[in-house]
Every structure is written in structure tokens, then in C-alpha cells.
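Comments concern the structure below.
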Amino acid sequence: MTLHLPDANGTTRAYEPRAEPLAFTPGSAFTSRTVFSAAHVVADPYADTTPDGPAAVDWDATLAFRRHLWSHGLGVAEAMDTAQRGMGLDWAGAAELIRRSAAEAKTCGGRIACGVGTDQITGGTLAEVRTAYEEQLAVVEESGAQAILMASRALAATAKGPDDYLEVYGHLLRQATEPVVLHWLGPMFDPALEGYWGSPDLDTATDTFLEVIAAHPDKVDGIKVSLLDAQREVDLRRRLPQGVRCYTGDDFNYPELIAGDEQGFSHALLGIFDPLGPLAAEAVRVLDTGNTEGFRALLDPTVELSRHLFQAPTRFYKTGVVFLAWLAGHQSHFTMVGGLQSARSLPHLARAYELADGLGLFPDPKLAQERMRNLLSVYGVDQ
């Protein structure tokens with residue numbers, strides 16, 4: 001059944017959806033790479049909410065999606081920006097998400113790491129920023145999950161230079177009971193993080209970042225880099241102390257970074273692995289056998305979809321991620337906390353559907369097609 005999809009020129013084009021999906025078999029964790037999918041949250045569509053009010057989460061559907069990721073051997077990176085931290089999900093909601101997901105991980109035997117930030121405050125002194133981080137770190141550690149120290153808008157607004165970052169992160173790393181992941185999220189994902197690590201110059205910022213790690217290598221499991229600059233990530237990972245991992249957060253260049261080179265490779269902590277979960281897991285299992293070409297053959301074709309979802313303004317990639325989860329049948333509706341389902345245009349969503357369908361990502365292509373048709377009708381696109 002042909003669909004007529006709108007494009008950016010105000011016209012429609014005929015598209016023939018595929019009839020059969022690709023088949024992906026659930027499996028255990030990987031042997032050659034540590035791979036996390038940052039996971040989205042499912043909103044409660046029946047809740048009477050407003051964009052500025054607390055998030056209403058459908059906990060059953062949210063946890064079911066995490067079980068889906070774990071079943072394919074992926075770790076879950078919880079309460080990250082993919083879960084709309086700071087874009088619809090406040091700290092109270094994130095804390096409940098952490099507790100529920102960590103408990104579910106114990107039941108399922110799934111790996112989980114959770115975001116630690118400062119989003120219960122918007123600014124303040126360095127001491128207040130540190131206290132906010134400490135509160136969230138305690139929640140994550142008490143849940144039994146690994147901590148990911150996220151970049152802080154409040155710290156970016158308060159810090160006067162690199163020394164302030166060294167002081168705050170040094171304090172937190174000394175306090176952490178287990179090694180953490182340090183998260184460097186670039187301003188393309190969050191404009192409020194411009195100049196993080198004390199300088200808008202990325203070379204200078206990188207030196208400060210590495211200084212934090214060098215002072216506490218036993219407390220840093222790895223770094224998560226989301227700068228969308230493949231060569232900068234490669235250069236950075238080659239400078240890491242022995243035993244500190246690089247988790248790529250580069251949703252533009254992940255296949256080549258995970259595959260690596262003769263001097264090393266990146267592990268992964270990626271938002272794009274939310275919609276790509278089963279396919280990504282299959283690719284990493286191929287890589288586990290030493291077949292880099294087979295890994296690239298599976299994962300390289302997904303980059304066009306990822307670059308589409310993460311196109312500027314990049315922070316709105318969550319809309320495409322949730323849209324694809326709806327089309328794939330992981331949730332019954334296309335509603336997001338904070339009303340963020342309106343953040344991308346219909347032509348953008350139509351292209352996301354076309355690319356994802358072409359990759360065979362939808363377990364039930366007919367369901368995806370019918371849901372896409374229903375969305376088009378809501379927008380008045382004749383079929």
C-alpha cells in the first residue's frame with residue numbers, strides 16, 4: 001500500500017513500504033565492547049499536564065522498553081538527555097525513573113548506569129552545585145546503578161574557569177564509591193553547556209578534562225564524549241590513562257569509532273541505539289567474532305537515519321526517537337513529556353519513517369505503515 005509522504009518543498013512523494021522486517025534474535029551481553037543505549041521515557045497520554053508542569057510517565061511502558069533493550073544484550077544508560085532531562089523530565093521524575101529502572105535491572109540481570117546532574121537547581125554557588133551533584137550521586141549509588149556524572153548547566157553558569165571544574169569534579173570523584181563515567185555533552189546537544197570545562201576553546205577544555213581524569217584514574221571507568229567530532233574523539237581516547245574507556249556518544253560517526261583502529265577503539269553510549277537497539281546488538285555480536293567488515297556492513301547504513309534524527313537543532317532528536325518507538329509498537333501513542341512531540345516537522349518525521357522502514361527496523365511494518373498513515377491524516381495529507 002503506497003504512502004504519500006510530504007517533503008520539505010511542500011509536495012508529496014509516493015513511497016512503497018517494505019513488507020518484511022529484518023529478524024533480530026535477543027542474546028546475551030557482548031564480549032568485545034561495552035555498549036549502552038540511552039533510553040527514552042514514555043509519557044502518560046491520559047494525564048492532564050501542561051508543558052511546564054511535572055512529567056507524567058507511563059511506567060509500565062517505560063520499563064518494558066528497557067527490558068526490550070536488555071533482552072538484546074544492551075546496557076541501559078538511564079535518566080540521560082535522551083530521557084528528556086532538562087527538557088520535560090525534572091529531577092523528581094528522574095529520581096523515580098532511576099529507582100524504578102535500577103530495580104528492574106536487578107530483576108532482569110541487566111546492566112544499568114544512571115545520570116547524575118544538578119537539575120534540581122538552576123544556578124548558585126560552587127558549594128550549592130556540589131551539593132546538588134552529591135544528592136543525585138547518593139540516589140544513583142543507593143539504587144545499585146553505576147553513576148554517570150553528567151555535564152551541569154548550573155556549573156557552566158557558575159564556574160569562573162578550569163579550576164572550578166577541577167575542584168567540583170575532584171570532590172565528587174573522591175566521594176564516589178565506585179568508578180563513574182564522566183560525560184562531556186557538547187553545546188549542540190545543550191546550548192547552556194557552551195564553554196564547558198572552563199573554556200570555549202576545545203583544546204584547552206580537553207586539557208582540563210584530562211587533568212580531572214589523571215588526578216583520579218581509579219575513580220573513572222570511562223568518558224562519554226558527545227561532540228560530534230570523530231577525529232577529536234580519537235585524539236582524546238589516545239590520551240586517556242590506561243584502563244579508562246572511551247564511550248562514544250557521537251551519533252554521526254559511531255560505526256568507525258566503535259570499530260576503531262590499530263591504536264584502539266571506542267565503546268558506546270548512544271541515543272541512536274534506542275531505535276537501533278536490535279540491529280546495533282546484532283552488529284556488535286558480529287564484531288565480537290572479529291569481523292569488522294561485517295560489523296560495518298550492518299551499521300554503516302544506519303548513519304543516514306541517525307544524522308537525520310540528530311540534525312540541528314540537535315537537542316530535539318528525542319522527538320524522532322520517540323516517534324520511531326511508537327511506529328515500532330513499543331508504545332501506543334506519539335506523545336512526549338513536555339509536549340515535545342511538536343518539536344519536529346511532519347516532513348522530518350516522514351523522512352525518519354522512510355529511512356527506518358528501509359532499514360527494516362519495524363518489527364511489524366504493517367503496523368508502522370498504518371500509524372504513519374494515521375499521523376498523515378491528522379495533518380491533512382491526503383492518501
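The values are calculated or read from the model by the stated rules, or taken from the named source; none is laboratory data. The shown structure was predicted, so the numbers you read here are calculated from the model rather than taken from an experiment. Here the Cβ positions follow ideal geometry from the backbone for every residue, glycine too, while neighbour counts run over all protein chains shown. Surface accessibility is based on the protein's heavy atoms, side chains included, excluding ligands, DNA and RNA. Shrake-Rupley method; radii C 1.70, N 1.55, O 1.52, S 1.80 Å.
A 1.4 Å probe over all protein chains sorts Met150, Met372 by accessible area into Met150, Met372, starting with the largest.
According to the calculation over all Cα-Cα pairs in segment 288-383, the P(r) per 10 Å bin from zero is 15, 45, 30, 9, 2 %.
What a 1.4 Å probe finds exposed on segment 117-202 is 53% carbon and sulfur by accessible area, rounded to a whole percent.
Kindly work out what percent of the DSSP beta bridges joining two residues of the chain are antiparallel, to the nearest 5. Write out the running numbers ahead of the final one.
Working: 6 of 34 bridges.
In the chain, approximately 20 percent of DSSP beta bridges are antiparallel ones.
For segment 8-47, the share of accessible area belonging to carbon and sulfur comes to 52 percent (1.4 Å probe, ligands and nucleic acids excluded). For the chain, the equivalent ellipsoid derived from the Cα gyration tensor has semi-axes of 33, 24, 20 Å, listed largest first. Mean sequence separation of contacting Cα pairs (under 8 Å, at least six apart), scaled by the length of segment 54-137, corresponds to a relative contact order of 31 percent. In terms of accessible area, using a 1.4 Å probe and ignoring ligands and nucleic acids, Arg285, Arg33 rank largest first as Arg285, Arg33.
Using helices alone, I'd like the mean residue ellipticity at 222 nm for the chain: each DSSP H run of four-plus residues gives -39500 (n - 2.57), total over residue count, nearest 500. It would help to have the intermediate numbers written out before the result.
On the way: 14 runs with 163 residues, N = 383.
Only helices count here, giving -13000 deg cm²/dmol.
Which whole-number percent is the relative contact order of segment 180-309 (Cα, under 8 Å, 6+ apart)? Intermediate values should be presented prior to the final figure.
Numbers: 167 pairs, mean separation 24.0, N = 130.
Dividing the mean separation by the residue count of segment 180-309 yields 18 percent.
Percentage of Cα-Cα pair distances in segment 173-330 greater than 26 Å, rounded to whole percent? Intermediate results must be reported in sequence, preceding the final value.
Numbers: 3771 of 12403 pairs.
Counting every Cα pair in segment 173-330, those more than 26 Å apart make up 30 percent.
Quick one: longest stretch of the chain between exposed loop GluC sites (Glu not before Pro), exposed meaning at most 14 other C-beta atoms within 10 Å and loop per DSSP? In the chain, the maximal stretch lacking such sites is 1-193. With N as its number of residues, segment 115-165 has a Cα radius of gyration that, divided by 2.2 N^0.38 Å, comes to 1.12. For the peptides 63-74, 308-319, 17-28, the ranking by packing is 63-74, 308-319, 17-28, with the highest mean count of neighbouring Cβ atoms within 10 Å listed first.
What percentage of all Cα-Cα pairs in segment 26-127 are separated by more than 21 Å?
Result for the distance tail: 37 percent.
GNM on the chain, alpha-carbon springs under 10 angstrom: the most fluctuating residue among Leu182, Leu327, Leu367 is Leu367.
Across the alpha-carbon atoms of segment 101-194, the computed radius of gyration and Dmax are 13.7, 44 angstrom. Report the one residue of Leu309, Ile272, Gly358 whose Cα lies farthest in the direction of the positive end of the charge dipole of segment 258-366 (charges on C-beta: Lys and Arg +1, Asp and Glu -1; origin at the Cα centre). Towards the positive end, the residue furthest out is Leu309.
Can you give the charge dipole size of the chain about its Cα centre, rounded to the nearest 20 debye, using +1 on the beta carbon of Lys and Arg and -1 on the beta carbon of Asp and Glu? If you can, show how the numbers build up before the last one.
Details: 31 positive and 50 negative charges, 115 e Å.
Its charge dipole is roughly 560 debye.
What does the accessible area per residue of the chain come to in Å², with a 1.4 Å probe and no ligands, DNA or RNA counted? Mind dumping the intermediate values first?
Details: 15110 Å² over 383 residues.
With all protein chains present, the chain gives 39 Å² per residue.
Counting every C-alpha pair in segment 158-212, the share spaced more than 18 angstrom apart comes to 32%.
Take every pair of alpha-carbon atoms less than 8 Å apart whose residues are at least six positions apart; their mean separation over the length of the chain yields a relative contact order of 21 percent. In sequence order, segment 135-152 has phi-based couplings of 4, 6, 4, 5, 4, 5, 5, 5, 6, x, 8, 6, 9, 10, 7, 7, 5, 10 Hz under the Karplus curve 6.51 cos²θ - 1.76 cosθ + 1.60, θ = phi - 60°, and Gly or Pro positions carry x.
Restricting the calculation to Cα atoms, segment 73-115 shows an Rg/Rh of 0.99 when the hydrodynamic-style radius is the Kirkwood one. For the chain, lysine pairs separated by 8 or more sequence positions, or belonging to different chains, with Cα-Cα distances below 30 Å total 7.
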